[in-house]
Amino acid sequence: MSLDPRTRPLLRLARLLVLGCMLAWAAWATAAINVTLVLSDSGAIYREAVDNLRDELAQENQHWQVRVQTLAARIGSDRENLVIPLGLRALQSVLAEPGNTPVWSLLVPRAEYDQLAARHPAAKRRPLSALYLDQPLPRQIQMLMAALPATKRLGVLVGSSNTNLAASIREAAESHGLEVSIERIARADDVVALLADLRGRVDILLLLPDPQVMDRSMLQPLMLETYRLHLPVMAYSTQLIGAGAMLALYTSPGRLGQEAGLRLRQARHNGGVHLPPPAYPDSFDVAVNRSVALSLGIRVPTSERIHQRMERNTRR
């Protein structure tokens with residue numbers, strides 16, 4: 001059966017359109033961004049962050065090639081456009097690798113990230129950034145005042161290596177009219193002894209994710225001593241709430257992973273991705289240990305109420 005000559009131009013046009021779509025799809029697929037997530041271990045906190053990050057990337061039509069590796073099974077690739085280590089051990093290991101692929105750190109506190117970024121040779125030859133695990137000091141003070149507005153005196157333990165932290169703490173606290181007592185820790189063994197010096201001088205103790213202060217071997221003695229001294233503690237994780245802290249301001253691994261995915265989507269540009277600048281998370285959660293508050297005789301609002309107060313104060 002012969003075709004009507006008048007339909008031949010239409011068929012040629014249809015073929016050209018199909019060919020054009022195929023070429024466009026091939027170009028789009030070629031421009032896929034290859035992202036490797038490297039987990040410090042296979043624990044639940046890392047998996048929660050990874051699952052939410054991947055779900056967030058899947059919400060758009062742009063093409064992302066995401067692979068997940070544990071640190072023990074890490075295999076680098078020349079095709080990697082971005083490496084995202086989750087946790088301190090993964091960050092240290094990735095920075096020790098050769099190459100200049102950009103690195104974006106997740107689930108690492110700012111103090112530990114800053115130390116690596118300042119001293120590691122890899123920071124001079126490859127782009128490096130982070131979405132910090134911990135919260136900015138002004139937000140922590142804001143949470144304290146939303147939970148306990150009558151607070152007047154704040155105590156903080158600071159490692160000797162954090163030379164600039166004390167000034168930042170004073171600035172954030174004094175902007176809310178708080179008096180600050182800062183004790184410097186030279187060794188983890190000093191923590192319990194220094195707590196006794198704070199007794200009667202402060203209304204609450206702020207714990208920061210400082211490796212010199214929050215040594216794993218000293219965590220239980222530290223929390224037991226604060227309880228013995230009837231000294232309430234404000235911390236930075238639900239794990240510390242479980243260990244005896246009264247308040248905590250944190251971003252859950254799931255919310256951090258979701259925010260990381262959103263920031264990556266926003267950073268995508270012309271088939272590539274601009275490495276987001278180092279930043280604290282925008283999202284945060286509040287936790288209250290009601291049994292500890294009750295035993296200390298302190299009335300604390302619910303976590304929902306504290307969160308609402310913080311949001312209301314931010315909008316002012």
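The values are calculated or read from the model by the stated rules, or taken from the named source; none is laboratory data. None of the values given here were measured: they were computed from a predicted structure. When we count neighbours, we look across all protein chains shown, and the Cβ atoms used for this are built from the backbone with ideal geometry, even at glycine. Protein only, heavy atoms only, side chains kept; ligands, DNA and RNA dropped before computing areas. Shrake-Rupley method; radii C 1.70, N 1.55, O 1.52, S 1.80 Å.
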Cβ-Cβ distance below 9 Å, separation of 6 or more or different chains: which pairs start in region 169-197 with a residue that is closer than 29 Å to residue 217 by Cβ and hydroxyl-bearing (Ser, Thr, Tyr) and end on one that is open to solvent by less than 30 Å² (accessible area, probe 1.4 Å) and outside any helix (DSSP H, G or I)? 181/154; 181/155; 181/156; 181/202
Only listed residue being out of contact with any Lys or Arg (no Cβ under 9 Å at 6 or more places or on another chain) and at pLDDT 95 or above, chosen from 241, 204: 241
Return a yes/no flag: does region 58-67 have any residue that is out of contact with any helix residue (DSSP H, G or I) (no Cβ under 9 Å at 6 or more places or on another chain) and modelled with pLDDT of 65 or more. yes
Tell me the helices (runs of 4 or more DSSP H) entirely within region 199-316 that contain at least 2 residues that are open to solvent by less than 40 Å² (accessible area, probe 1.4 Å), over 30 Å from residue 101 (Cα atoms) and touching a residue at least 12 places away in the same chain (Cβ under 8 Å). 219-228, 238-243, 290-296, 303-315
Check 144, 131 and return the single one that is in contact with a Pro (Cβ under 8 Å, 6 or more places away or on another chain), modelled with pLDDT of 95 or more and among the hydrophobic types (A, V, I, L, M, F, W, C). 131
